[in-house]
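Notes to accompany the following structure.
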C-alpha cells in the first residue's frame, strides 16, 4: 500500500492510462497532470499495451508530483474486442491493490490534455450522493453531447466502478457504463466548466476510416435507434474524412451484429435516443443548445 496523507481527502483519485504507441502524447499528458491547480491524485498507473514504439521507455521516465506505476502488458485482441478496456481493468486492479481507499477511479487516455483547472472545476461543489460517473467536456470544435462523459476522461465513484464491472469488456463499454448506472439510479455528472483537449479525434488511433467503421459497429452493439443512427451518420459527413467516413460508419453498422451487451440495456439506450429525437422535433434550437453548447 502506498502511504499518502491525501487518503483523507474526499476526492482522492486513482488514474489509469492504457497506452499503445503513445510516445508522442504521454509527455503532454504528464505535463497537464503536473500543472493542475488542484489535485488529489494518489497514484497514476500507465499500462503499456503492447506498444511497438518508445511508449514504455517514455512512461518509465516521466516525472510527476505524485506516485506513478508502469505496467508492461502484451496486448491481446483488438480495439473492437476491447483490448484497451482490458488493459485499463488490469491497471485498475493493480492500482486498487496499492491505494484501496481511493474514492474515484479514472480512465484517462494518453492523447488527452487537461486544462490546468480541470480537477478543480470537476470537484467544485460536487454532490457525491448516488454518483456513478463523472467527467468534463471537450474544448474546441470537436463537440460531443454533454449528456455523456467522453470516453477519454471517464471517472467513476467506487459504487459506479463496482457496477460497471458487470459489463462485457468490449468497445462500447464507455457508453453502456452510463446506461447501466442510470438504469439503477446512479447519477452521471457532466461538468461543462471542466474542459480538456484531444490531440486527435476520438476513436481514431488507428486512422480515420477505421475509426468510422468501428463507430458504426459500436452503434449497432449498443442499440442505436435506426433513425438516430442515420442522423448520427449525417452529422459526421461534416467531419473528416467527410462522406467516406459516414459510408464506412454505415458499413460498420450493417456488419456489426448484435454485439456483447444485454438486450435490456440496448433497448433502454434506443428509448433514450427516441426521446431525444422527440425533443429535437419539439424544440430544435433549445435541445441542440443543451446537448452541445
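Checking residue 178 against (1) touching a helix residue (DSSP H, G or I) at 6+ places or on another chain (Cβ under 8 Å); (2) under 20 Å from residue 261 (Cβ atoms); (3) part of a helix (DSSP H, G or I), which single condition isn't satisfied?
That leaves (1) as the condition not met.
When you scan the range 84-122, how many residues do you find that are over 19 Å from residue 29 (Cα atoms) and surrounded by fewer than 22 Cβ atoms within 10 Å (Cβ to Cβ)?
Here the count works out to 11.
From 180, 186, grab the single residue that is modelled with pLDDT of 95 or more and touching a strand residue (DSSP E or B) at 6+ places or on another chain (Cβ under 6 Å).
So the residue among 180, 186 that is modelled with pLDDT of 95 or more and touching a strand residue (DSSP E or B) at 6+ places or on another chain (Cβ under 6 Å) is 186.
Please specify each residue of the range 55-83 satisfying the condition of being modelled with pLDDT of 95 or more, surrounded by fewer than 21 Cβ atoms within 10 Å (Cβ to Cβ) and closer than 28 Å to residue 167 by Cβ.
Hits for the range 55-83 are 68, 69, 70, 71, 72.
Tell me, please, whether a residue that is touching a helix residue (DSSP H, G or I) at 6+ places or on another chain (Cβ under 8 Å), in contact (Cβ under 8 Å) with a residue 12 or more places away in the chain, closer than 22 Å to residue 188 by Cβ and part of a helix (DSSP H, G or I) can be found in the range 89-109.
So far as the range 89-109 goes, yes, one or more of its residues are touching a helix residue (DSSP H, G or I) at 6+ places or on another chain (Cβ under 8 Å), in contact (Cβ under 8 Å) with a residue 12 or more places away in the chain, closer than 22 Å to residue 188 by Cβ and part of a helix (DSSP H, G or I).
Looking only at the range 34-66, how many residues end up being part of a helix (DSSP H, G or I) and in contact with a strand residue (DSSP E or B) (Cβ under 7 Å, 6 or more places away or on another chain)?
Residues flagged as part of a helix (DSSP H, G or I) and in contact with a strand residue (DSSP E or B) (Cβ under 7 Å, 6 or more places away or on another chain) within the range 34-66 amount to 4.
Which of the residues that make up the range 210-240 are surrounded by 16 or more Cβ atoms within 10 Å (Cβ to Cβ), more than 20 Å from the chain's Cα centre (by Cα) and at pLDDT below 90?
Selection gives nothing.
Table: residues versus (1) within 27 Å of residue 118 (Cβ to Cβ); (2) assigned by TED's automatic domain parsing to the domain that holds residue 113.
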site	(1), (2)
137	yes, yes
162	yes, yes
167	yes, yes
183	no, yes
190	yes, yes
212	no, no
220	no, no
223	no, no
231	no, no
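Taking the options 158, 143, name whichever one is surrounded by fewer than 19 Cβ atoms within 10 Å (Cβ to Cβ) and modelled with pLDDT of 95 or more.
Only one candidate qualifies: 158.
The values are calculated or read from the model by the stated rules, or taken from the named source; none is laboratory data. None of these values were measured; they are calculated from a predicted model. Please note: Cβ atoms are built from the backbone with ideal geometry, for glycine as well, and neighbour counts cover all protein chains shown.
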